[in-house]
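Colleague: Dropping a structure here in structure tokens format, bear with me for questions.
No lab work stands behind these numbers, since they all come straight from the coordinates. None of these values were measured; they are calculated from a predicted model. Because the Cβ atoms are built from the backbone with ideal geometry, glycine has one as well, and the counts that use them run over all protein chains shown.
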Amino acid sequence: MEICRRRNQIEVSELDPFLAELLRQIPASANPEGAPAAEERIFSSPTNGTEAEFRAEWKTYVEPELRRLFQTATQTVAADLEQLNGNEKSLANRTLRIPTKPAAAWLSALNQARLVIAAKNDFTETELNDHLHSPIGSRRDLSLFQVNFYGFLQEFILREMEY
Amino acid sequence: MRGMRPGSQIFLELFRPPIGEEWPEILRSAQDDNFVTRRSRLESGAFPRFELRATYVSIFPMNAEPLCAEVVGSLIAEIVLPRSAAPSTVGAPTIEEETRAEEALDLPWYVVVHNDPVNLMSYVTMVFQRVFGYPRDKAEKHMLEVHHRGRSILWSGMREPAELYVQQLHSYLLLATLEKPS
């Protein structure tokens, strides 16, 4: 896999089917539904336990707004990922082009996916910092790899977008 | 300027000279200037609007009062003072204590960001720059404080903007809380 910036887009080329599939998994991975730990992390409390009234108002007015915002980001990413649609054979050496304009949506969707996966698997800080962990021998290992792969993409987008 | 005339007319009535006497010169000129002549001039369109002149304002304390105090007293009693058969029910005035809005007395609220092992350091720095407009150095300092100490106070001040900051930080998926100093 190669990643570079070409004018107004980020180009992820020479994608093998495995990494292409991981990219296609971003929108689904970002969805916290059905996992209370992930829901709790994505929609965390705005106070440190006090201010019950404020928390109730937050749940009523702010949370739906945040939910919409996160959904919009994943929908944008899903639309970009349509470039990778096709059978497994056609995914070999595919190229994904991400326009720089919706890069903020990509940052958000990647972050959501990483947080949701980490919350679902209850990864510890030590596990998350073990970047040399290999090989992938379990579903948990795969999820950890996914978190790190998405993190790598996030870093690249951040650097290229000069945030 | 509308509304000056009725008050002025009352004023001149108060200083009407006793029967058989003539108006003092200064009142005559005031009357003439302010009402009679001026009204006729206004009606004839000679002046676009009525204006109160300084001489009219200044004669009350200096010249007119000693001339007809009895007339003044009777007219004031008749025109101005309200009369009532019932005993006064007005009690002593209640002095209300001034109260300030809660926010004016509030201690500043803190916007606190908590450590999160998943969020990337570069991402957190970027969010601080975008949300608070901090320069990179300051944003990095706060990011490192979050990383090493577990939390950092990013901003303090009035509650309303603090709530908005917390909301913005949540939209970037950071663990942020609104806190009041204990």
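Colleague: Once label points are set 7 Å from the Cα along Cα→Cβ at both residue B:121 and residue A:40, what is their separation, rounded to one decimal in nm?
Modeller: Placing both labels 7 Å beyond Cα along the Cβ direction yields 2.9 nm.
Colleague: Taking Cα pairs under 8 Å and at least six residues apart, what relative contact order does the stretch A:5-81 come out at, in percent?
Modeller: 40
Colleague: Now for a different question. Identify the residues of the stretch B:144-163 with backbone N under 13 Å of a label point that sits 7 angstrom from the Cα of residue A:47 along the Cα-to-Cβ direction, or state none.
Modeller: Counting backbone N atoms under 13 Å from the label point, the list is B:163.
Colleague: Between their Cα atoms, which of A:120/B:141; A:120/B:138; A:59/B:180 are more than 28 Å away from each other?
Modeller: As for pairs spanning more than 28 Å Cα to Cα, those are A:120/B:141; A:120/B:138.
Colleague: About the Cα centre, and with charges only on the beta carbon of Lys, Arg (+1) and Asp, Glu (-1), how big is the dipole of chain A? Nearest 20 debye, please. Don't jump to the answer; show the numbers that get you there.
Modeller: Working: 18 positive and 24 negative charges, 99 e Å.
Charge dipole, chain A, about its Cα centre: 480 debye, nearest 20.
Colleague: Expected output is a single nm value to one decimal: the length gained when fully extending between residue A:95 and residue A:152, i.e. 0.36 nm times separation in residues minus the C-alpha distance. What is it?
Modeller: Taking residue A:95 through residue A:152 to full extension adds about 18.8 nm, to one decimal.
Colleague: Separate question: Let me check against my output: what whole-number percent is the relative contact order of chain A, with C-alpha pairs under 8 Å and at least 6 apart?
Modeller: Computed value for chain A: 32 percent relative contact order.
Colleague: On to the next question. Ignoring everything except DSSP H segments at least 4 long, calculate the 222 nm mean residue ellipticity for chain A; use -39,500 (n - 2.57) per segment, divide by total residues, nearest 500. Before the final figure, lay out the partial values.
Modeller: Values: 8 runs with 89 residues, N = 163.
Taken over chain A, the calculation gives -16500 deg cm²/dmol.
Colleague: To the nearest 0.05, what FRET efficiency results for residue B:107 and residue A:125 with a Förster distance of 25 Å applied to their C-beta separation?
Modeller: 0.15
Colleague: Let me ask something else about it. If I fit a long axis through the Cα atoms of helix A:63-80 and take the longest principal axis of the Cα atoms of chain A, what angle between them do I get, 0 to 90°, rounded to 10?
Modeller: 0
Colleague: Using only Cα atoms and rounding to the nearest 10 degrees, what angle (0 to 90) does helix A:139-160 make with the longest principal axis of chain A?
Modeller: Once rounded, one gets 80 degrees.
Colleague: Further, regarding this structure: Compute the label zone of residue A:55 within the stretch B:152-177: residues whose backbone N is under 14 Å from the point 7 Å along Cα-to-Cβ.
Modeller: Answer for this model: B:177.
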